[in-house]
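Worksheet: one structure, shown below.
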Amino acid sequence: MPLIVLLFAVAFAASPLWVPGFGGFDADQFPVPQIDPPVQPEGYAFAIWGVIYLWLIIGSGYGIWRRWSDPAWAAMRLPLILSFAVGSVWLPVAVRSPVWATVLIWVMLITALWALWRSPRTDAWAAAWPVGLYAGWLSAASCVALGLLLAGYGFVDQQVAAWIMVGVAIVLAWGVQWTLGHAPTYGVAVIWALIAVGVQNGFGGVGLLALAGAAALITPTLRALRGT
């Protein structure tokens, strides 16, 4: 199982090689083209994936080296494998179908949160912290994807979709970080995403909500840091 986790982590990290230059859903992939959607973070924020991929691989390698048979580590490995397996095919799906990509990213999120809740506090830098960063970014990205669908398929306009899904992301992230009580990297990832939404919106309108949410997440994130 530890070796399988590492193999899928590497496959997940290598998946951008299959779809070079992917920069998010194309505006014309939706019946209502999504041009500069306010729910989406500024482009620089997606650089966090480099840190996530590398940290997950390092943590998985450490699990093989030092925690091969540790039952505390074993508990999170199955959901991690499931999340990485879905993640490894997400990009090829995303360039074809935003709907299926949204379904899959929520599957990735649910399994990542499952793994995070089962992650050990021992050697948190190699277990709970990288998984927390991954799950935190997915919490924001899943809400972004659903917001794009709401506006892209004409259920609501872009602004309403952004208000709804940024609000959902804030409530979800605050609840997860407060209840979890450790892995502050979860909150850090969501704060990073929310600030980037603020930048995308010029710190006005939906951007103010995102920044308020980022500020609100500081308290449970610091609480989680003290709990590690």
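Which one of Ala140, Ala85, Ala135, Ala124 is free of Cβ contacts under 8 Å to residues at least 60 places away in the same chain and either within 27 Å of His182 (Cβ to Cβ) or touching an Asp or Glu at 6+ places or on another chain (Cβ under 9 Å) (or both)?
Ala135
In segment 167-182, how many residues are over 14 Å from the mean Cα position of the chain (by Cα) and either buried (at least 22 other Cβ atoms within 10 Å of the Cβ) or not in a helix (DSSP H, G or I) (or both)?
So the answer is 3.
Please count how many residues of segment 161-179 are of a type in the set (A, V, I, L, M, F, W, C) and over 22 Å from Gly227 (Cβ atoms).
Number satisfying all stated conditions: 8.
Testing Leu104 on (1) closer than 21 Å to Leu17 by Cα; (2) in contact (Cβ under 8 Å) with a residue 24 or more places away in the chain, one condition comes back false. Which one is that?
Status for Leu104: all satisfied but (2).
Which of the residues belonging to segment 41-59 are surrounded by 13 or more Cβ atoms within 10 Å (Cβ to Cβ) and either touching a strand residue (DSSP E or B) at 6+ places or on another chain (Cβ under 9 Å) or aromatic (Phe, Trp, Tyr) (or both)?
If the condition is that a residue be surrounded by 13 or more Cβ atoms within 10 Å (Cβ to Cβ) and either touching a strand residue (DSSP E or B) at 6+ places or on another chain (Cβ under 9 Å) or aromatic (Phe, Trp, Tyr) (or both), then Phe46, Trp49, Tyr53, Trp55 are the ones that fit.
Check segment 8-23 and report whether any residue there is part of a loop (DSSP other than H, G, I, E, B), touching a Gly at 6+ places or on another chain (Cβ under 9 Å) and under 19 Å from Leu91 (Cα atoms).
Start the filter on segment 8-23 by keeping residues that are part of a loop (DSSP other than H, G, I, E, B), which leaves 18-23.
With the extra rule that they be touching a Gly at 6+ places or on another chain (Cβ under 9 Å), the set shrinks to 23.
Add one more test, that the residue is under 19 Å from Leu91 (Cα atoms), and what stays is 23.
The answer is yes, given that some residue of segment 8-23 is part of a loop (DSSP other than H, G, I, E, B), touching a Gly at 6+ places or on another chain (Cβ under 9 Å) and under 19 Å from Leu91 (Cα atoms).
If you go through segment 25-40, how many residues are in contact with a helix residue (DSSP H, G or I) (Cβ under 8 Å, 6 or more places away or on another chain) and surrounded by 13 or more Cβ atoms within 10 Å (Cβ to Cβ)?
Going through segment 25-40 one residue at a time, the tally reaches 9.
Please pick out the residue among Ala193, Ala124, Ala189 that is assigned to a loop (DSSP other than H, G, I, E, B), of a type in the set (A, V, I, L, M) and within 22 Å of Phe84 (Cβ to Cβ).
Ala124
Any read-out appearing in this document is the output of simple, stated calculations on the displayed coordinates, not a laboratory observation. Everything numeric here is computed off the predicted structure, so don't read it as measured data. Here the Cβ is made from the backbone with ideal geometry for all residues, glycine too, and neighbour counts use every protein chain on show.
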